[in-house]
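The structure appears right after this line, and notes come after that.
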Amino acid sequence: MNKELIINTTPIGVEIALLEDKKLVELHNEKSDANFGVGDLYLGKVKKLIPGLNAAFVDVGFEKDAFLHYTDLSPFARSILKFTQQAMAANENSFEFSNFQIEPEIIKSGKINEVLNGKPNVLVQILKEPIAAKGPRLSCEISLPGRFIVLTPFNEIVAVSKKIHSGEERKRLQKIVESIRPKNFGVIVRTAAEGKSTAELHQDLLELTETWKTIQNNIKGAVAPAKILSEQNKTTSILRDLLNESFNKIVVNDKNIFNDIKSYIQRIAPDKTDIVNYVNNGTPLFDQFGITKQVKGAFGKTVNLDSGAYLIIEHTEALHVIDVNSGYKSVSNSQEENALQTNLEAAEEIARQLRLRDIGGIIVVDFIDLKLPDNRKKLQEAMEEYLKADRAKHAVLPISKFGLMQITRQRMRPEVNINTSENCPTCSGTGKVSSTLLLEDEIEKRIHYLSTHSHNYLNLFVHPIVHSHLTKGIFTSIVKKWRRKHKLKLTVKPNTSYGLVEFKFFDKNEEEIKF
(Lines give C-alpha, C1' and ligand atoms only; values in the text may rest on other atoms or scores of the structure.)
Protein backbone atom coordinates (compact mmCIF):
# COMPACT_ATOMS: atom_id res chain seq x y z
CA MET A 1 0.00 0.00 0.00
CA ASN A 2 1.38 3.41 -0.99
CA LYS A 3 0.91 6.16 1.58
CA GLU A 4 1.20 9.86 0.79
CA LEU A 5 0.97 12.78 3.19
CA ILE A 6 -0.13 16.10 1.66
CA ILE A 7 0.42 19.12 3.92
CA ASN A 8 -1.24 22.34 2.83
CA THR A 9 -0.45 25.51 4.77
CA THR A 10 -3.08 28.25 4.86
CA PRO A 11 -3.15 31.63 6.68
CA ILE A 12 -5.27 30.14 9.50
CA GLY A 13 -3.42 26.84 9.99
CA VAL A 14 -2.32 23.59 8.40
CA GLU A 15 -4.45 21.02 6.54
CA ILE A 16 -3.10 17.47 6.47
CA ALA A 17 -4.42 14.74 4.17
CA LEU A 18 -3.34 11.09 4.32
CA LEU A 19 -3.80 9.16 1.08
CA GLU A 20 -3.63 5.38 0.79
CA ASP A 21 -3.30 4.25 -2.83
CA LYS A 22 -4.43 7.77 -3.89
CA LYS A 23 -7.60 7.49 -1.77
CA LEU A 24 -8.22 9.99 1.02
CA VAL A 25 -8.47 8.16 4.39
CA GLU A 26 -7.60 10.80 7.01
CA LEU A 27 -8.04 14.55 7.09
CA HIS A 28 -6.66 16.74 9.86
CA ASN A 29 -6.99 20.48 10.34
CA GLU A 30 -4.56 22.10 12.74
CA LYS A 31 -5.50 25.72 13.44
CA SER A 32 -2.67 28.08 14.30
CA ASP A 33 -4.48 29.27 17.45
CA ALA A 34 -5.61 25.80 18.58
CA ASN A 35 -5.21 24.87 22.24
CA PHE A 36 -5.89 21.76 24.31
CA GLY A 37 -4.62 19.09 21.95
CA VAL A 38 -4.60 15.43 23.00
CA GLY A 39 -1.32 14.71 24.79
CA ASP A 40 -0.71 18.28 26.01
CA LEU A 41 0.43 18.54 29.64
CA TYR A 42 -0.99 21.16 32.02
CA LEU A 43 -0.51 22.23 35.58
CA GLY A 44 -4.14 22.21 36.72
CA LYS A 45 -5.87 23.43 39.84
CA VAL A 46 -8.57 21.17 41.32
CA LYS A 47 -11.65 23.40 41.62
CA LYS A 48 -14.48 21.08 42.62
CA LEU A 49 -14.85 17.50 43.88
CA ILE A 50 -18.01 15.60 42.90
CA PRO A 51 -18.23 12.49 45.14
CA GLY A 52 -21.46 11.38 43.40
CA LEU A 53 -19.60 11.07 40.09
CA ASN A 54 -16.33 10.10 41.81
CA ALA A 55 -14.71 12.81 39.72
CA ALA A 56 -13.21 16.28 39.93
CA PHE A 57 -13.37 19.43 37.84
CA VAL A 58 -9.95 20.92 37.19
CA ASP A 59 -9.08 24.40 35.93
CA VAL A 60 -6.56 24.12 33.07
CA GLY A 61 -7.31 27.53 31.52
CA PHE A 62 -10.23 26.50 29.32
CA GLU A 63 -13.54 28.41 29.55
CA LYS A 64 -15.09 25.31 31.14
CA ASP A 65 -13.32 23.29 33.81
CA ALA A 66 -11.86 20.00 32.60
CA PHE A 67 -13.19 16.64 33.82
CA LEU A 68 -11.02 14.17 35.73
CA HIS A 69 -12.59 10.84 36.74
CA TYR A 70 -11.18 8.60 39.45
CA THR A 71 -10.46 5.84 36.90
CA ASP A 72 -8.20 8.27 35.02
CA LEU A 73 -6.19 9.21 38.12
CA SER A 74 -3.53 6.52 37.58
CA PRO A 75 -2.51 4.10 40.33
CA PHE A 76 0.39 6.47 41.02
CA ALA A 77 -1.79 9.56 41.61
CA ARG A 78 -0.19 10.26 45.00
CA SER A 79 3.26 10.14 43.40
CA ILE A 80 2.13 12.65 40.75
CA LEU A 81 0.73 15.02 43.41
CA LYS A 82 3.95 14.77 45.42
CA PHE A 83 6.07 15.26 42.26
CA THR A 84 4.04 18.33 41.26
CA GLN A 85 4.59 20.03 44.61
CA GLN A 86 8.32 19.21 44.71
CA ALA A 87 8.90 20.26 41.09
CA MET A 88 7.09 23.59 41.63
CA ALA A 89 9.21 24.38 44.68
CA ALA A 90 12.53 23.03 43.33
CA ASN A 91 15.62 25.23 43.03
CA GLU A 92 17.83 25.21 39.95
CA ASN A 93 19.14 21.66 39.29
CA SER A 94 18.15 20.57 42.82
CA PHE A 95 15.51 18.04 41.81
CA GLU A 96 16.77 14.68 40.52
CA PHE A 97 13.93 12.43 39.38
CA SER A 98 15.93 9.21 39.83
CA ASN A 99 16.03 9.98 43.58
CA PHE A 100 12.29 10.58 43.77
CA GLN A 101 10.50 8.23 46.20
CA ILE A 102 7.43 6.62 44.61
CA GLU A 103 4.31 6.63 46.83
CA PRO A 104 2.09 3.53 47.30
CA GLU A 105 -0.54 2.93 44.63
CA ILE A 106 -4.12 4.05 45.20
CA ILE A 107 -6.85 1.38 45.29
CA LYS A 108 -9.05 0.85 42.20
CA SER A 109 -12.31 1.25 44.13
CA GLY A 110 -11.27 4.36 46.05
CA LYS A 111 -12.94 7.78 46.35
CA ILE A 112 -11.83 10.94 44.56
CA ASN A 113 -11.96 13.09 47.72
CA GLU A 114 -9.56 10.70 49.48
CA VAL A 115 -6.88 11.44 46.86
CA LEU A 116 -7.53 15.07 45.85
CA ASN A 117 -8.58 16.43 49.23
CA GLY A 118 -7.44 20.02 49.75
CA LYS A 119 -7.93 20.75 46.03
CA PRO A 120 -4.22 20.69 45.13
CA ASN A 121 -2.35 21.60 41.97
CA VAL A 122 -1.69 18.54 39.81
CA LEU A 123 0.11 17.66 36.58
CA VAL A 124 -2.48 16.37 34.09
CA GLN A 125 -2.54 15.30 30.44
CA ILE A 126 -5.32 16.00 27.93
CA LEU A 127 -7.11 12.72 27.22
CA LYS A 128 -9.85 14.20 25.00
CA GLU A 129 -10.08 17.62 23.40
CA PRO A 130 -13.05 19.88 24.22
CA ILE A 131 -16.04 18.55 22.23
CA ALA A 132 -19.21 20.62 21.73
CA ALA A 133 -20.04 22.29 25.07
CA LYS A 134 -17.85 19.93 27.12
CA GLY A 135 -14.48 20.87 28.54
CA PRO A 136 -11.36 18.71 28.01
CA ARG A 137 -11.14 15.29 29.67
CA LEU A 138 -8.00 14.70 31.70
CA SER A 139 -5.79 11.88 32.84
CA CYS A 140 -3.05 11.64 35.44
CA GLU A 141 -1.53 8.62 33.67
CA ILE A 142 1.25 10.61 32.05
CA SER A 143 2.70 9.08 28.88
CA LEU A 144 5.31 10.48 26.51
CA PRO A 145 5.15 8.80 23.07
CA GLY A 146 8.26 8.32 20.98
CA ARG A 147 8.95 6.63 17.66
CA PHE A 148 9.54 3.14 19.11
CA ILE A 149 8.59 3.40 22.79
CA VAL A 150 6.24 5.22 25.14
CA LEU A 151 7.73 6.50 28.40
CA THR A 152 5.50 6.29 31.49
CA PRO A 153 6.87 8.04 34.61
CA PHE A 154 6.21 6.81 38.18
CA ASN A 155 6.11 3.10 37.45
CA GLU A 156 8.71 0.53 36.49
CA ILE A 157 6.63 -1.71 34.22
CA VAL A 158 7.95 -2.84 30.83
CA ALA A 159 5.26 -3.91 28.35
CA VAL A 160 5.60 -4.96 24.70
CA SER A 161 2.93 -4.36 22.07
CA LYS A 162 0.69 -7.39 21.52
CA LYS A 163 0.77 -6.68 17.80
CA ILE A 164 4.34 -8.05 17.76
CA HIS A 165 3.43 -11.71 17.30
CA SER A 166 6.86 -13.33 17.49
CA GLY A 167 7.55 -14.61 21.00
CA GLU A 168 11.32 -14.45 20.43
CA GLU A 169 11.14 -10.83 19.26
CA ARG A 170 9.01 -9.84 22.25
CA LYS A 171 11.54 -11.41 24.64
CA ARG A 172 14.42 -9.66 22.84
CA LEU A 173 12.78 -6.25 23.08
CA GLN A 174 11.81 -6.82 26.72
CA LYS A 175 15.39 -7.69 27.59
CA ILE A 176 16.82 -4.64 25.77
CA VAL A 177 14.42 -2.20 27.41
CA GLU A 178 14.95 -3.69 30.89
CA SER A 179 18.69 -3.07 30.49
CA ILE A 180 18.40 0.59 29.40
CA ARG A 181 15.33 1.75 31.36
CA PRO A 182 16.10 4.53 33.88
CA LYS A 183 14.82 4.35 37.45
CA ASN A 184 11.23 5.52 38.14
CA PHE A 185 10.22 5.12 34.49
CA GLY A 186 8.09 2.46 32.85
CA VAL A 187 8.31 1.73 29.12
CA ILE A 188 5.76 0.50 26.58
CA VAL A 189 7.41 -0.91 23.47
CA ARG A 190 5.48 0.07 20.32
CA THR A 191 4.84 -2.13 17.29
CA ALA A 192 7.24 0.03 15.26
CA ALA A 193 10.11 -1.23 17.47
CA GLU A 194 10.00 -4.69 15.89
CA GLY A 195 13.44 -5.53 14.51
CA LYS A 196 15.08 -2.34 15.84
CA SER A 197 18.51 -2.32 17.44
CA THR A 198 19.48 -1.46 21.02
CA ALA A 199 21.04 1.82 19.80
CA GLU A 200 17.80 2.96 18.09
CA LEU A 201 15.70 2.16 21.15
CA HIS A 202 18.23 3.84 23.46
CA GLN A 203 18.25 7.00 21.34
CA ASP A 204 14.45 7.18 21.50
CA LEU A 205 14.58 6.68 25.27
CA LEU A 206 17.18 9.44 25.72
CA GLU A 207 15.04 11.93 23.78
CA LEU A 208 11.99 11.14 25.91
CA THR A 209 13.89 11.46 29.20
CA GLU A 210 15.10 14.89 27.98
CA THR A 211 11.45 15.79 27.36
CA TRP A 212 10.67 14.78 30.95
CA LYS A 213 13.47 17.07 32.19
CA THR A 214 11.89 19.89 30.18
CA ILE A 215 8.58 19.19 31.91
CA GLN A 216 10.29 19.40 35.32
CA ASN A 217 11.87 22.73 34.41
CA ASN A 218 8.59 24.13 33.08
CA ILE A 219 6.70 23.21 36.27
CA LYS A 220 9.30 25.01 38.38
CA GLY A 221 7.69 28.26 39.61
CA ALA A 222 4.59 27.79 37.42
CA VAL A 223 1.23 29.11 38.58
CA ALA A 224 -1.84 26.98 37.84
CA PRO A 225 -3.48 26.90 35.35
CA ALA A 226 -0.51 26.72 32.98
CA LYS A 227 0.48 24.76 29.89
CA ILE A 228 3.60 22.74 30.71
CA LEU A 229 4.29 20.99 27.42
CA SER A 230 2.60 20.78 24.04
CA GLU A 231 2.30 17.51 22.17
CA GLN A 232 4.15 17.65 18.84
CA ASN A 233 2.14 19.23 16.05
CA LYS A 234 -0.15 16.92 14.11
CA THR A 235 2.25 16.69 11.18
CA THR A 236 5.13 15.20 13.16
CA SER A 237 2.76 13.20 15.37
CA ILE A 238 1.26 11.54 12.27
CA LEU A 239 4.76 10.87 10.96
CA ARG A 240 5.79 9.42 14.30
CA ASP A 241 2.83 7.04 14.34
CA LEU A 242 2.57 6.13 10.67
CA LEU A 243 5.96 6.40 8.98
CA ASN A 244 6.93 2.99 7.62
CA GLU A 245 8.24 1.32 4.49
CA SER A 246 4.96 1.92 2.59
CA PHE A 247 5.18 5.70 3.10
CA ASN A 248 6.51 6.92 -0.23
CA LYS A 249 5.72 10.63 -0.52
CA ILE A 250 5.30 13.71 1.67
CA VAL A 251 4.38 16.93 -0.14
CA VAL A 252 4.51 20.33 1.59
CA ASN A 253 3.85 23.86 0.32
CA ASP A 254 5.52 25.72 3.20
CA LYS A 255 9.31 26.05 3.35
CA ASN A 256 9.53 26.14 7.16
CA ILE A 257 7.41 23.00 7.62
CA PHE A 258 9.37 21.34 4.80
CA ASN A 259 12.65 21.98 6.65
CA ASP A 260 11.17 20.83 9.99
CA ILE A 261 9.90 17.56 8.48
CA LYS A 262 13.16 17.02 6.62
CA SER A 263 15.18 17.34 9.82
CA TYR A 264 12.67 15.20 11.77
CA ILE A 265 12.88 12.37 9.22
CA GLN A 266 16.64 12.75 9.04
CA ARG A 267 16.65 12.00 12.75
CA ILE A 268 14.18 9.12 12.86
CA ALA A 269 14.57 7.51 9.41
CA PRO A 270 17.60 8.89 7.49
CA ASP A 271 17.02 6.56 4.54
CA LYS A 272 13.63 8.15 3.79
CA THR A 273 14.56 11.86 3.60
CA ASP A 274 14.16 11.89 -0.19
CA ILE A 275 10.39 11.26 0.08
CA VAL A 276 9.83 14.86 1.28
CA ASN A 277 8.96 17.25 -1.55
CA TYR A 278 8.41 21.01 -1.54
CA VAL A 279 5.78 22.14 -4.06
CA ASN A 280 4.50 25.71 -4.27
CA ASN A 281 3.53 26.69 -7.81
CA GLY A 282 0.52 28.88 -7.02
CA THR A 283 -2.03 26.08 -7.46
CA PRO A 284 -3.72 24.88 -4.23
CA LEU A 285 -2.01 21.67 -3.13
CA PHE A 286 -5.27 19.87 -2.39
CA ASP A 287 -6.52 20.64 -5.91
CA GLN A 288 -3.35 19.24 -7.52
CA PHE A 289 -3.75 15.89 -5.77
CA GLY A 290 -7.52 15.62 -6.24
CA ILE A 291 -8.17 15.94 -2.49
CA THR A 292 -10.69 18.77 -2.78
CA LYS A 293 -12.86 16.69 -5.11
CA GLN A 294 -12.63 13.67 -2.76
CA VAL A 295 -13.62 15.84 0.22
CA LYS A 296 -16.67 17.14 -1.67
CA GLY A 297 -17.70 13.59 -2.51
CA ALA A 298 -17.05 12.05 0.91
CA PHE A 299 -18.45 14.47 3.50
CA GLY A 300 -22.07 14.78 2.50
CA LYS A 301 -25.03 13.06 4.11
CA THR A 302 -25.11 10.66 1.12
CA VAL A 303 -21.97 8.77 0.06
CA ASN A 304 -22.13 6.99 -3.31
CA LEU A 305 -20.35 3.68 -3.98
CA ASP A 306 -19.01 2.36 -7.29
CA SER A 307 -21.73 -0.27 -7.63
CA GLY A 308 -24.48 2.34 -7.48
CA ALA A 309 -25.19 1.53 -3.84
CA TYR A 310 -25.02 4.39 -1.36
CA LEU A 311 -24.71 5.18 2.34
CA ILE A 312 -26.83 7.58 4.35
CA ILE A 313 -24.90 8.91 7.36
CA GLU A 314 -26.84 10.59 10.17
CA HIS A 315 -25.61 11.57 13.61
CA THR A 316 -27.03 12.63 16.94
CA GLU A 317 -25.37 13.62 20.21
CA ALA A 318 -25.30 10.00 21.38
CA LEU A 319 -24.63 7.93 18.26
CA HIS A 320 -24.15 7.75 14.50
CA VAL A 321 -26.45 5.77 12.21
CA ILE A 322 -25.35 4.51 8.79
CA ASP A 323 -27.91 3.05 6.39
CA VAL A 324 -26.72 0.87 3.49
CA ASN A 325 -28.87 1.01 0.34
CA SER A 326 -28.53 -1.35 -2.62
CA GLY A 327 -27.38 -0.23 -6.06
CA TYR A 328 -28.32 -0.88 -9.67
CA LYS A 329 -25.51 -3.32 -10.46
CA SER A 330 -25.92 -7.05 -9.83
CA VAL A 331 -23.14 -9.62 -9.60
CA SER A 332 -25.44 -12.65 -9.86
CA ASN A 333 -29.06 -13.75 -10.00
CA SER A 334 -28.96 -14.57 -6.29
CA GLN A 335 -30.43 -11.89 -4.05
CA GLU A 336 -28.34 -13.13 -1.12
CA GLU A 337 -25.09 -12.90 -3.13
CA ASN A 338 -25.94 -9.41 -4.38
CA ALA A 339 -26.70 -8.29 -0.80
CA LEU A 340 -23.40 -9.74 0.47
CA GLN A 341 -21.31 -8.05 -2.22
CA THR A 342 -23.02 -4.68 -1.64
CA ASN A 343 -22.52 -5.04 2.12
CA LEU A 344 -18.82 -5.88 1.70
CA GLU A 345 -18.32 -2.84 -0.53
CA ALA A 346 -20.19 -0.71 2.00
CA ALA A 347 -18.11 -2.09 4.90
CA GLU A 348 -14.88 -0.94 3.23
CA GLU A 349 -16.28 2.54 2.67
CA ILE A 350 -17.69 2.72 6.23
CA ALA A 351 -14.25 1.87 7.67
CA ARG A 352 -12.81 4.70 5.57
CA GLN A 353 -15.55 7.13 6.63
CA LEU A 354 -14.93 6.44 10.34
CA ARG A 355 -11.27 7.39 9.92
CA LEU A 356 -11.92 10.27 7.53
CA ARG A 357 -14.59 11.99 9.61
CA ASP A 358 -12.99 10.81 12.88
CA ILE A 359 -16.37 9.50 14.00
CA GLY A 360 -16.39 8.29 17.60
CA GLY A 361 -18.78 6.83 20.14
CA ILE A 362 -21.44 4.33 19.11
CA ILE A 363 -22.01 3.66 15.41
CA VAL A 364 -25.01 1.59 14.29
CA VAL A 365 -24.90 0.23 10.73
CA ASP A 366 -28.08 -1.02 9.05
CA PHE A 367 -26.75 -3.41 6.40
CA ILE A 368 -28.90 -5.04 3.73
CA ASP A 369 -30.48 -8.15 5.27
CA LEU A 370 -28.49 -11.38 4.99
CA LYS A 371 -30.25 -14.67 5.65
CA LEU A 372 -27.26 -17.01 5.89
CA PRO A 373 -25.24 -17.00 9.17
CA ASP A 374 -22.02 -17.66 7.20
CA ASN A 375 -22.54 -14.49 5.17
CA ARG A 376 -23.17 -12.45 8.31
CA LYS A 377 -19.95 -13.82 9.77
CA LYS A 378 -18.06 -12.97 6.54
CA LEU A 379 -19.34 -9.41 6.76
CA GLN A 380 -18.24 -9.03 10.39
CA GLU A 381 -14.76 -10.43 9.63
CA ALA A 382 -14.45 -8.11 6.62
CA MET A 383 -15.34 -5.07 8.75
CA GLU A 384 -12.76 -6.05 11.37
CA GLU A 385 -10.14 -6.45 8.63
CA TYR A 386 -10.94 -3.05 7.08
CA LEU A 387 -10.68 -1.40 10.49
CA LYS A 388 -7.21 -2.82 11.21
CA ALA A 389 -5.59 0.27 9.72
CA ASP A 390 -7.53 2.50 12.14
CA ARG A 391 -5.32 3.84 14.93
CA ALA A 392 -8.29 4.65 17.20
CA LYS A 393 -9.42 1.92 19.60
CA HIS A 394 -12.53 0.22 18.29
CA ALA A 395 -14.72 -2.86 18.70
CA VAL A 396 -17.12 -4.56 16.28
CA LEU A 397 -20.09 -6.57 17.55
CA PRO A 398 -21.74 -9.38 15.55
CA ILE A 399 -24.75 -8.51 13.39
CA SER A 400 -27.96 -8.70 15.44
CA LYS A 401 -31.11 -10.54 14.44
CA PHE A 402 -32.43 -7.21 13.16
CA GLY A 403 -29.52 -6.94 10.72
CA LEU A 404 -27.74 -4.20 12.69
CA MET A 405 -24.01 -4.03 13.39
CA GLN A 406 -22.78 -2.02 16.36
CA ILE A 407 -19.31 -0.46 16.35
CA THR A 408 -17.68 1.52 19.13
CA ARG A 409 -14.78 3.79 18.30
CA GLN A 410 -12.62 5.90 20.57
CA ARG A 411 -13.43 9.59 20.36
CA MET A 412 -10.43 11.79 21.14
CA ARG A 413 -11.19 14.93 19.12
CA PRO A 414 -14.25 16.69 17.70
CA GLU A 415 -15.62 14.97 14.61
CA VAL A 416 -14.40 16.35 11.27
CA ASN A 417 -17.48 17.91 9.73
CA ILE A 418 -17.21 19.71 6.39
CA ASN A 419 -20.19 21.36 4.75
CA THR A 420 -20.05 20.29 1.10
CA SER A 421 -23.24 22.04 -0.03
CA GLU A 422 -23.16 25.40 -1.77
CA ASN A 423 -25.62 28.29 -1.84
CA CYS A 424 -28.30 28.00 -4.51
CA PRO A 425 -27.50 30.57 -7.24
CA THR A 426 -31.21 31.31 -7.60
CA CYS A 427 -32.23 31.91 -3.98
CA SER A 428 -28.73 32.72 -2.56
CA GLY A 429 -29.27 30.22 0.24
CA THR A 430 -32.47 31.77 1.59
CA GLY A 431 -34.74 29.02 0.27
CA LYS A 432 -37.00 31.65 -1.30
CA VAL A 433 -37.13 33.21 -4.78
CA SER A 434 -38.78 36.41 -5.93
CA SER A 435 -42.32 36.13 -7.19
CA THR A 436 -42.61 34.97 -10.81
CA LEU A 437 -45.28 37.67 -11.24
CA LEU A 438 -42.58 40.29 -10.81
CA LEU A 439 -40.03 38.59 -13.07
CA GLU A 440 -41.47 40.08 -16.28
CA ASP A 441 -41.34 43.59 -14.83
CA GLU A 442 -37.77 43.06 -13.59
CA ILE A 443 -36.56 41.93 -17.03
CA GLU A 444 -38.25 44.90 -18.74
CA LYS A 445 -36.63 47.34 -16.29
CA ARG A 446 -33.20 45.96 -17.27
CA ILE A 447 -34.07 46.19 -20.98
CA HIS A 448 -35.13 49.81 -20.54
CA TYR A 449 -31.90 50.61 -18.70
CA LEU A 450 -29.75 48.97 -21.40
CA SER A 451 -31.63 50.64 -24.27
CA THR A 452 -30.96 54.07 -22.71
CA HIS A 453 -27.25 53.21 -22.43
CA SER A 454 -26.55 52.60 -26.12
CA HIS A 455 -27.35 48.87 -26.19
CA ASN A 456 -29.43 48.26 -29.32
CA TYR A 457 -28.74 44.53 -29.72
CA LEU A 458 -29.37 42.12 -26.85
CA ASN A 459 -29.44 38.37 -26.25
CA LEU A 460 -31.54 37.36 -23.25
CA PHE A 461 -31.01 33.88 -21.75
CA VAL A 462 -33.72 32.50 -19.45
CA HIS A 463 -35.12 29.23 -18.07
CA PRO A 464 -37.02 27.22 -20.78
CA ILE A 465 -40.37 27.73 -19.01
CA VAL A 466 -39.84 31.49 -18.87
CA HIS A 467 -38.76 31.39 -22.54
CA SER A 468 -42.07 29.75 -23.49
CA HIS A 469 -44.00 32.39 -21.58
CA LEU A 470 -42.16 35.33 -23.15
CA THR A 471 -42.36 34.08 -26.75
CA LYS A 472 -45.93 32.76 -26.73
CA GLY A 473 -47.86 34.09 -29.75
CA ILE A 474 -46.28 34.97 -33.12
CA PHE A 475 -47.45 38.59 -33.23
CA THR A 476 -48.59 39.24 -29.68
CA SER A 477 -45.67 37.86 -27.64
CA ILE A 478 -44.15 39.86 -24.79
CA VAL A 479 -40.81 39.89 -26.64
CA LYS A 480 -42.45 41.55 -29.67
CA LYS A 481 -43.88 44.27 -27.40
CA TRP A 482 -40.48 44.91 -25.83
CA ARG A 483 -38.82 45.22 -29.24
CA ARG A 484 -41.35 47.79 -30.42
CA LYS A 485 -41.46 49.72 -27.17
CA HIS A 486 -37.67 50.04 -26.64
CA LYS A 487 -36.69 50.07 -30.35
CA LEU A 488 -33.96 47.42 -30.18
CA LYS A 489 -33.11 43.98 -31.50
CA LEU A 490 -33.86 41.45 -28.79
CA THR A 491 -33.39 37.68 -29.00
CA VAL A 492 -34.61 35.40 -26.19
CA LYS A 493 -32.93 31.99 -25.82
CA PRO A 494 -33.60 29.11 -23.37
CA ASN A 495 -30.90 27.69 -21.06
CA THR A 496 -31.71 24.54 -19.09
CA SER A 497 -28.97 25.19 -16.51
CA TYR A 498 -30.64 28.41 -15.29
CA GLY A 499 -32.91 28.60 -12.27
CA LEU A 500 -36.57 29.46 -12.80
CA VAL A 501 -36.13 33.19 -12.07
CA GLU A 502 -32.55 33.49 -13.30
CA PHE A 503 -31.75 35.54 -16.44
CA LYS A 504 -28.69 37.09 -18.08
CA PHE A 505 -28.08 39.59 -20.88
CA PHE A 506 -25.35 39.29 -23.51
CA ASP A 507 -24.32 41.82 -26.18
CA LYS A 508 -23.84 41.13 -29.89
CA ASN A 509 -20.26 39.96 -29.19
CA GLU A 510 -21.71 37.36 -26.80
CA GLU A 511 -20.14 39.02 -23.78
CA GLU A 512 -22.21 39.06 -20.60
CA ILE A 513 -23.51 42.46 -19.56
CA LYS A 514 -22.96 42.97 -15.85
CA PHE A 515 -25.22 45.22 -13.77
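The values are calculated or read from the model by the stated rules, or taken from the named source; none is laboratory data. On a predicted model such as this, the values are computed, not experimentally measured, just so you know. All Cβ positions, even for glycine, are placed from backbone atoms using ideal geometry, and neighbour counts span all protein chains on display. In case anyone asks, the SASA skips ligands and DNA or RNA and just uses the protein heavy atoms, side chains included. Shrake-Rupley method; radii C 1.70, N 1.55, O 1.52, S 1.80 Å.
For this structure, a couple of remarks:
- Computed 3J(HN,Hα) for the stretch 483-490, one whole-Hz value per residue from the Karplus formula 6.51 cos²θ - 1.76 cosθ + 1.60 where θ = phi - 60°, is 4, 5, 5, 9, 6, 8, 8, 10, glycine and proline marked x.
- Ordered from largest to smallest accessible area (heavy atoms of protein chains, 1.4 Å probe), the residues Phe289, Phe258 come out as Phe289, Phe258.
- For the chain, the mean projected area of the C-alpha convex hull, equal to one quarter of the hull surface, is 35.6 nm².
- Beta bridges by DSSP in the stretch 269-362, antiparallel share as percent, to the nearest 5: 90 percent
- Solvent accessible area, Å² - Tyr386, 1.4 Å probe, full protein context: 80 Å²
- Set of aspartates and glutamates with alpha-carbon distance to Lys171 below 16 Å, sequence-local pairs under 8 removed: Glu194
- Solvent-accessible surface of protein heavy atoms, probed at 1.4 angstrom with all chains present, puts Phe100, Phe67, Phe515 in the order Phe515, Phe67, Phe100, largest first.
- Taking the C-alpha atoms only, the angle from helix 167-180 to the longest principal axis of the chain is near 70 degrees.
- Across the stretch 6-96 the C-alpha pair distances fall into 5 Å bins from zero in the proportions 3, 10, 13, 15, 13, 10, 11, 11, 9, 3, 1 percent.
- With protein chains left intact and a 1.4 Å probe, residues in the chain average 54 Å² of accessible area per residue.
- Accessible heavy-atom area order of Ser400, Ser326, highest first, probe of 1.4 Å: Ser326, Ser400
- Between 0 and 90°, nearest 10: helix 335-357 axis offset from the chain longest Cα axis: 70 degrees
- Note that the stretch 108-113 has calculated 3J(HN,Hα) couplings of 5, 9, x, 10, 4, 6 Hz, one per residue in order, obtained from phi through the Karplus relation 6.51 cos²θ - 1.76 cosθ + 1.60 (θ = phi - 60°); glycine and proline are x.
- Dimensions of the stretch 1-155 along the principal axes, based on C-alpha atoms and rounded to the nearest Å, stand at 53, 37, 31, largest first.
- For Val158, nonlocal amide neighbours, meaning residues 5 or more places apart or on other chains whose placed amide H falls under 5 Å from its own, are Val187.
- The listed peptides 206-219, 490-503, ordered by packing as a protection proxy, come out as 206-219, 490-503 (highest mean of other Cβ atoms within 10 Å first).
- Annotation: His448 carries an accessible surface of approximately 100 Å², with a 1.4 Å probe and no ligand, DNA or RNA atoms counted.
- Table column - 3J(HN,Hα) (Hz), the stretch 359-364, Karplus curve with 6.51, -1.76, 1.60, x for Gly and Pro: 6, x, x, 9, 10, 10
- Heavy-atom accessible surface of the chain: percent carbon and sulfur, 1.4 Å: 50 percent
- A P(r) calculated from all alpha carbon pairs of the stretch 280-346, with 10 Å bins opening at zero, reads 18, 34, 27, 16, 5, 1 percent.
- Between the amide H of Ile149 and those of Arg190, distances stay under 5 Å, these residues lying 5 or more places away or on another chain, with hydrogens modeled in the peptide plane.
- Helix 255-268 and the long axis of the chain differ in direction by around 40°, with both axes built from C-alpha atoms.
- Net charge dipole size for the chain [Lys, Arg +1 and Asp, Glu -1 on Cβ; Debye, nearest 20]: 1240 debye
- Ellipticity estimate at 222 nm from DSSP helix runs (n ≥ 4, -39,500 (n - 2.57)) divided over the chain, nearest 500: -9500 deg cm²/dmol
- Across the stretch 105-249, the convex hull enclosing all Cα atoms gives 175 Å³ per residue.
- In the stretch 35-140, lysine pairs closer than 15 Å at Cα, eight or more apart or cross-chain: 12
- For Val492, the residues whose modelled amide H falls within less than 5 Å of its own, excluding neighbours fewer than 5 places apart on the same chain, are Leu460.
- Förster radius 51 Å - calculated FRET efficiency between His165 and Gln101, Cβ distance, rounded to 0.05: 0.85
- The stretch 1-66 versus the stretch 187-211: alpha-carbon centroid distance in Å: 25 Å
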